[in-house]
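Colleague: Here you go, one structure.
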Amino acid sequence: MGDIWRRLDDHRKASMGTRIADLLDADPGRAESHCLRADGLAFDWSKTAIDDDARALLLALAGKAEVEARREAMFAGQRINETEDRAVLHTALRNPGRAVTVDGKDVSIGVRDGLARMRAFADAVRSGEIAGQGGAFTDVVNIGIGGSDLGPAMATLALAPYADGPRVHFVSNVDGADIADTLKDLDPARTLVIVASKTFTTIETMTNAETAKAWMGTGVSDPGSQFAAVSTAMDKTAAFGIEESRVFGFEDWVGGRYSVWGPIGLSLMLAIGPDDFDQFLAGGAAMDAHFRAAPLAENMPVLLALVGIWHNQVCGYPTRAVLPYDNRLARLPAYLQQLEMESNGKGVRLDGSDLGRASGPVVWGEPGTNGQHAFYQLIHQGTQVVPCEFILAAKGHEPDLAHQHILLAANCLAQSEALMRGRTLDEARALMKAKGLTGDELEKQARHRVFPGNRPSTTLLISQLTPYTLGQIVALYEHRVFVEGVILGINSFDQWGVELGKELALKVEPLLKGQDAPGHDASTRHLAQLFRQMRD
Ligand code: F6P
């Protein structure tokens, strides 16, 4: 591996002057050869500086890292999450027909049972057969955080055109503002609360769940009857007072940030209905099939990962912008933040050695065109290069507003073109001259209108944002993260880095209540003291 990394670094140094636009000019076939089509998706990576040599080296890196063998180990249910001694089988959730054995047991049986229970419950809630004390449920509140929130919240917004069930709301933050704002217009007698927590110990979720229970008690005589739970910890759900028939369990081989495909997706299923949820699963399963079967060079998640490795670990670009030109994908950047940064944000390899390279970029973004009027300035003219990942659907859901969709798409394509092309000083001078400027003023003004260009981007084109294509997109990114993790040699499936802050929060709490809490540093003690003073 070390040798390939070195050759990639050397190649990068030697090709620093390469202009992406020149690569496209030099190879008339590049636009097509660097646009992978699979199952209705098109992934264009022609607007990156990856030339033939870089591509060959990146593929060699994937080969040497044994991506294919690791991939099979994951699908086969091996315990590849070594630091937690767990299998990684979220793929089993979206392909309930595929038998997979863990500890001698075919887990697909449980997956099918779980799905059937979710379906029966969702159908009964949606039809009104299962109702609140005041009648059929009009609202569902999902209380969860991180992977127990971001997946269903992102997908429920993305699939709003398919929503024909009760209104679904999401509460995650321990900030009381979140739950207060959500509950204030709801009727307790017609609201179902789903407490979604893999561990059923997460302080934010359990605090909000208690608040919701108290609120429910203001409107109904038996608050527990309007609660459901999604968790791996059945003993704890019972202790909370949720009856067994309303508890949807899952196994420890489903990581939090990979859990939207199973019971954590219950709120999504309630919103869009079981049939559309099945379509979401089918899209994910189709991407799994592609990922398992396609050769590395024609494998969409692999190529997306290699582009990511090139930009972050080879070129050293510290961030990555995800820019969906789809307003309903507004939560996708936040979802991908957790997926990518919690999975690969690590400095130690599986064998305990130091990573020795960047552990992955800061992932961020907003839907276009809003971002264009906010932060694109920096992307176009700032001194840091920000690789951009555009996502665009060919068709919207508003036939009457098709002209707006064309405008949206034009903006998307124009941005990637502008990022690549830029504007030279001579072009800027010509513009200023046309405006009647001359001499020093022309020179000064022209410099402000120069765009360096040569800024890389990829574009993922989908036909339309449907349950199926959303499933494809989410699985695509999951496998991308996996491949990047394999190449870096890290475990993408644990998250020890979130523990320390959680532990300390419990120890800081007494300090804020004015209690004796030894062991804190002077800065933290001072801030706590100020906090107490400013509350008075
Ligand atoms: O932030 C850490 C984390 O463990 C995430 O990985 C997880 O998605 C989230 O907390 C919520 O955990 P739980 O589902 O156990 O409440």
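Colleague: Can you classify region 41-127 as rounded, prolate or oblate using the Cα gyration tensor, where a ≥ b ≥ c are the square roots of its eigenvalues, rounded means a/c under 1.5, and otherwise it's prolate if a/b beats b/c and oblate if not?
Modeller: Working: a/c = 3.77, a/b = 1.71, b/c = 2.20.
In terms of gyration-tensor shape, oblate.
Colleague: List the GluC sites (Glu not before Pro) within region 205-252 that DSSP assigns to loop and that have no more than 14 neighbouring Cβ atoms inside 10 Å.
Modeller: On the way: sites: Glu210, Glu243, Glu244, Glu251; in loops: Glu243, Glu251.
For GluC sites (Glu not before Pro) across region 205-252 that sit outside H, G, I, E and B with at most 14 neighbouring Cβ atoms in 10 Å, the list reads Glu243.
Colleague: Where a Cα-Cα gap under 22 Å defines reach, which lysines qualify for Lys433, not counting those fewer than 8 residues away within the same chain?
Modeller: Lys444
Colleague: Something else: What is the distance, in nm, between label points placed 7 Å from the Cα along the Cα-to-Cβ direction at Met16 and at Lys507?
Modeller: 4.5 nm
Colleague: Now for a separate question. Kindly point out which whole DSSP H helices in the chain project their C-alpha atoms 24 angstrom or further along the helix axis while averaging a Kyte-Doolittle hydropathy of 0.0 or above. Can you show the working numbers first?
Modeller: On the way: long enough: 107-127 (30 Å, 0.26); 274-293 (28 Å, -0.23); 402-421 (28 Å, 0.37); 467-488 (32 Å, 0.81).
Length and hydropathy pass: 107-127, 402-421, 467-488.
Colleague: Now for a separate question. Do any chymotrypsin sites (Phe, Trp or Tyr not before Pro) in region 32-131 lie in a loop, going by DSSP, with at most 10 other beta-carbon atoms within 10 Å of their beta carbon, and if so which? List each step's numbers first, then the result.
Modeller: On the way: sites: Phe43, Trp45, Phe75, Phe121; in loops: Trp45.
Loop-located and lightly packed - none at all.
Colleague: Send over the Kirkwood Rh of region 255-331, from the inverse of the averaged 1/r over different Cα pairs, rounded to one decimal Å.
Modeller: After inverting the mean inverse Cα-Cα distance, the result is 15.2 Å.
Colleague: Specify the inter-centroid distance of region 307-331 and region 219-285, based on alpha-carbon positions, in whole Å.
Modeller: 31 Å
Colleague: Please report the spacing between the Cα centers of region 1-28 and region 125-186 in Å, no decimals.
Modeller: Spelled out, the Cα-based centre of one part sits 48 Å from the other.
Colleague: Using θ = phi - 60° and the Karplus curve 6.51 cos²θ - 1.76 cosθ + 1.60, what whole-Hz ³J(HN,Hα) does each residue of region 254-265 get, with Gly and Pro shown as x?
Modeller: Here the 3J(HN,Hα) series is 10, x, x, 6, 10, 9, 4, 6, x, x, 4, x Hz.
Colleague: Give the lysines reachable from Lys184 as a straight Cα distance under 22 Å; neighbours fewer than 8 places away on the same chain don't count.
Modeller: Lys213
Colleague: Under a point-charge model restricted to the Cβ atoms of Lys and Arg (+1) and Asp and Glu (-1), what is the dipole moment magnitude of the chain relative to its Cα centre, in debye to the nearest 20? Present the calculation step by step, with values, prior to reporting the outcome.
Modeller: Values: 53 positive and 68 negative charges, 208 e Å.
For the chain, the charge dipole is close to 1000 debye.
Colleague: Where does the longest stretch of the chain lie that holds no trypsin sites (Lys or Arg not before Pro) found in a DSSP loop with 12 or fewer other Cβ atoms within 10 Å? Walk me through the numbers before you get to the answer.
Modeller: Numbers: sites that count: Lys184, Lys435, Lys513.
Between the exposed loop sites, the longest stretch runs 185-434.
Colleague: May I ask you to evaluate 6.51 cos²θ - 1.76 cosθ + 1.60, the Karplus curve with θ = phi - 60°, for each residue of region 326-334 and list the ³J(HN,Hα) values in order in whole Hz, giving x for glycine and proline?
Modeller: Computed from phi, the couplings for region 326-334 are 6, 4, 6, 9, 4, 8, 4, x, 5 Hz.
Colleague: Amide H of Ser463: which non-local residues (sequence gap of 5 or more, or other chain) have their own amide H closer than 5 Å, using H built in the peptide plane?
Modeller: Distant-sequence amide H within range of Ser463: Ala394.
Colleague: Between Ala42 and Asp536, what's the calculated FRET efficiency when r is the beta-carbon distance and R0 is 45 Å? Round to 0.05.
Modeller: Working: r = 60 Å, r/R0 = 1.34.
Efficiency at R0 = 45 Å is approximately 0.15.
Colleague: Then there's this: How many percent of DSSP beta bridges within the chain run antiparallel, rounded to 5? Show your work: numbers first, answer last.
Modeller: Details: 14 of 46 bridges.
So the antiparallel bridges amount to about 30 percent of the total.
Colleague: Would you mind checking which residues have amide H under 5 Å from Gly365's amide H? H placed 1.01 Å from N; only 5 or more apart, or other chain.
Modeller: Excluding prolines and chain starts, which carry no amide H, the hits are Val322.
Colleague: In which sequence would Trp253, Trp261 go, from the one with the fewest C-beta neighbours within 10 Å to the one with the most? Spell out each step's value before the answer.
Modeller: Values: Trp253 23, Trp261 29.
Listed from fewest to most nearby Cβ atoms, that is Trp253, Trp261.
Colleague: Next question, about the same structure. Can you report the principal axis dimensions of the chain using only the alpha carbons, biggest first, rounded to whole angstrom?
Modeller: 79, 60, 60
Colleague: Give me Ser221, Ser259, Ser15 ranked fewest to most by other Cβ atoms within 10 Å of their Cβ, as a rough exposure proxy. All intermediate terms of the calculation are to be shown ahead of the outcome.
Modeller: On the way: Ser221 8, Ser259 25, Ser15 14.
Ranking Ser221, Ser259, Ser15 by Cβ neighbours within 10 Å, fewest first, gives Ser221, Ser15, Ser259.
Colleague: Add +1 for every Lys or Arg and -1 for every Asp or Glu among the other residues with Cβ under 15 Å from the Cβ of Lys502, and state the total. Mind showing how you got there, number by number?
Modeller: Details: positive: Lys198, Lys507; negative: Glu204, Glu342, Asp494, Glu499, Glu503, Glu509.
My count for the surroundings of Lys502 gives -4.
Colleague: Another one. What does the net charge come to around Ala158 if you take all other residues with beta carbon closer than 14 Å to its beta carbon, with K and R at +1 and D and E at -1?
Modeller: Details: positive: Arg328, Arg331; negative: Asp276, Asp326.
Summing Lys/Arg as +1 and Asp/Glu as -1 gives 0.
Colleague: Looking at region 401-462, which GluC sites (Glu not before Pro) are DSSP coil and have at most 15 other C-beta atoms within 10 Å of their C-beta?
Modeller: Numbers: sites: Glu417, Glu427, Glu441, Glu443; in loops: none.
Listed in order of number, the matching sites amount to none.
Colleague: From the helices alone, meaning DSSP H stretches of at least four residues, give me the mean residue ellipticity at 222 nm for the chain, per-run term -39500 (n - 2.57), in deg cm²/dmol to the nearest 500.
Modeller: On the way: 22 runs with 248 residues, N = 536.
One gets -14000 deg cm²/dmol as the mean residue ellipticity at 222 nm.
Colleague: Which whole-Hz ³J(HN,Hα) couplings does region 128-141 yield from phi under the Karplus relation 6.51 cos²θ - 1.76 cosθ + 1.60, θ = phi - 60°, glycine and proline marked x?
Modeller: Those phi angles translate into x, 5, 9, 9, x, 5, x, x, 3, 5, 9, 9, 10, 10 Hz.
Colleague: Still on this model: Straight-line reach from Lys47: which lysines fall under 21 Å, measuring Cα to Cα and dropping same-chain residues less than 8 apart?
Modeller: List returned: Lys13.
Colleague: Lys and Arg at +1, Asp and Glu at -1: add these up for the other residues within a Cβ distance under 12 Å of His380 and post the number. Write out the running numbers ahead of the final one.
Modeller: On the way: positive: Arg421, Arg423, Arg449, Arg455; negative: Glu417.
It works out to a net charge of +3.
Colleague: Note down the nm distance, to one decimal, between modelled labels 7 Å out along Cα→Cβ at Ala330 and at Lys395.
Modeller: 2.5 nm
Colleague: Given bins 5 angstrom wide, list per bin the percent of all Cα-Cα distances in region 156-286, short to long.
Modeller: 2, 10, 19, 22, 23, 15, 7, 2, 0, 0
Colleague: Right, something else. Quick one: which residues, 5+ away or cross-chain, put their amide H under 5 Å from the amide H of Ala196? H built at 1.01 Å from N.
Modeller: Result for Ala196 returns Ile143, Gly144, Val230.
Read-outs throughout are calculated quantities, based only on the coordinates presented, and are distinct from any laboratory measurement. Predicted model, so just to flag it, every value in this text is computed and none were measured. Every residue, glycine among them, receives a Cβ derived from its backbone with ideal geometry; neighbour counts consider all protein chains shown.
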